[in-house]
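The values are calculated or read from the model by the stated rules, or taken from the named source; none is laboratory data. Predicted model, so just to flag it, every value in this text is computed and none were measured. Glycine also receives a Cβ, built like all others from the backbone with ideal geometry; neighbour counts cover every protein chain displayed.
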Amino acid sequence: MQHPPSQDARVSLAQAYGLAAHLGLDDTIFSHISLRDPKDQNLFYLPPFGALFEEVSADSLLSVPTDQEPRHINPAGFILHRTFYRAKKEIQAVVHFHSESAIAVSCQKEGLLPLSQFSMLFYERLGYHAFEGISLDPTEETRLIQSLGDHHSLLLHNHGLICVGETLGQAFMRAYYLERSCRIQLAAQKSGACLIMPPPQICAHTRDQFEGVEKESITAAYEALTRRWRAAVLR
């Protein structure tokens, strides 16, 4: 049986919430993943405020208009997500995590360092946004867009990460690898050893590989993670 595109999108987003919970990337009810409606670009999906990631289902997801805050939605989540959908039509998914490693690196003045292959996904593709408190002020939207600029990912100082994408899988894997890059950086720094910093041209070359010949591999990796999560759920 073929489902309408909007239902398929809801199922995909609910699976992303389940996968994030499985990977330990959730923060009880205080971070979020959203997906733009495939038929109405002025709508996106978020779960009702108070739902744990593992409780999110396709039927529980709410359609959220970009120009009006509905009831039962996390107010900060509404502002953070609608900001990017209103600003850039190519953005179809937004991922916001409060992962421990991302927060720790967001507190460092130098930010993310190109220490691992994963981190080079973000070489000259990562912006930084100053902490302004809980994102309840609509005027912060302008500053968030300025911080993102032409990048696809943000470290929010003292707060967490945001990754956007043209697909849900792309945005999710950017968040996944940004978290891993932060975790690797913290582990390397903790060792106390002198760190090897690859030269800028190698960092740029590796990034271009990820954005070129390896682009489809990121999608395949998301599909593989989703299969693993499904298998774990069904076990």
Looking only at segment 188-235, count how many residues are within 16 Å of SER119 (Cα to Cα), exposed (fewer than 10 other Cβ atoms within 10 Å of the Cβ) and among the polar types (S, T, N, Q). 1
Enumerate the pairs (first residue in segment 111-132 and among the basic types (Lys, Arg); second residue anywhere and in a loop (DSSP other than H, G, I, E, B)) with beta-carbon separation below 6 Å, excluding pairs fewer than 6 apart on the same chain, so at least 6 apart or on different chains. ARG125/HIS151; ARG125/HIS152
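Does ALA171 fit the bill of being in a helix (DSSP H, G or I), in contact with a Cys (Cβ under 8 Å, 6 or more places away or on another chain) and not polar (S, T, N, Q)?
Details: in a helix (DSSP H, G or I): yes; in contact with a Cys (Cβ under 8 Å, 6 or more places away or on another chain): yes; not polar (S, T, N, Q): yes.
Yes.
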Members of segment 120-151 found to be part of a loop (DSSP other than H, G, I, E, B) and in contact with a Leu (Cβ under 8 Å, 6 or more places away or on another chain), listed by number: PHE131, SER135, HIS151
(1) out of contact with any Ser or Thr (no Cβ under 8 Å at 6 or more places or on another chain); (2) buried (at least 19 other Cβ atoms within 10 Å of the Cβ); (3) of a type in the set (Gly, Ala, Ser) all hold for ALA104 apart from (2)
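Within segment 33-73, take every residue that is aliphatic (A, V, I, L, M) and in a strand (DSSP E or B) and give me the one that is nearest to the chain's Cα centre (by Cα). Don't jump to the end; show me each part of the working.
As a first pass, look at segment 33-73 and keep what is aliphatic (A, V, I, L, M): 33, 35, 43, 46, 51-52, 56, 58, 61-62, 64, 73.
Okay, now just the ones that are also in a strand (DSSP E or B), so 33, 35, 43, 46, 62, 64.
On the way: ILE33: 7, LEU35: 11, LEU43: 18, LEU46: 14, LEU62: 19, VAL64: 18 Å.
Among residues in segment 33-73 that are aliphatic (A, V, I, L, M) and in a strand (DSSP E or B), the one nearest to the chain's Cα centre (by Cα) is ILE33.
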Which of the residues belonging to segment 175-201 are in contact (Cβ under 8 Å) with a residue 24 or more places away in the chain, aliphatic (A, V, I, L, M) and not in a loop (DSSP other than H, G, I, E, B)? ALA175, LEU178, ILE184, LEU186, ALA188
Considering (1) at pLDDT below 95; (2) within 13 Å of ALA9 (Cα to Cα); (3) crowded, with 18+ Cβ neighbours inside 10 Å, say which one ASP37 fails and leave the rest. (1)
Scan segment 40-57 for residues that are buried (at least 17 other Cβ atoms within 10 Å of the Cβ) and touching a residue at least 40 places away in the same chain (Cβ under 8 Å) and jot them down. PHE44, VAL56
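Please go through segment 74-119 and give me each residue that is polar (S, T, N, Q), part of a loop (DSSP other than H, G, I, E, B) and under 21 Å from GLY133 (Cα atoms), ordered by number.
Once the filter is applied, which keeps residues that are polar (S, T, N, Q), part of a loop (DSSP other than H, G, I, E, B) and under 21 Å from GLY133 (Cα atoms), segment 74-119 yields ASN74, SER99, GLN108.
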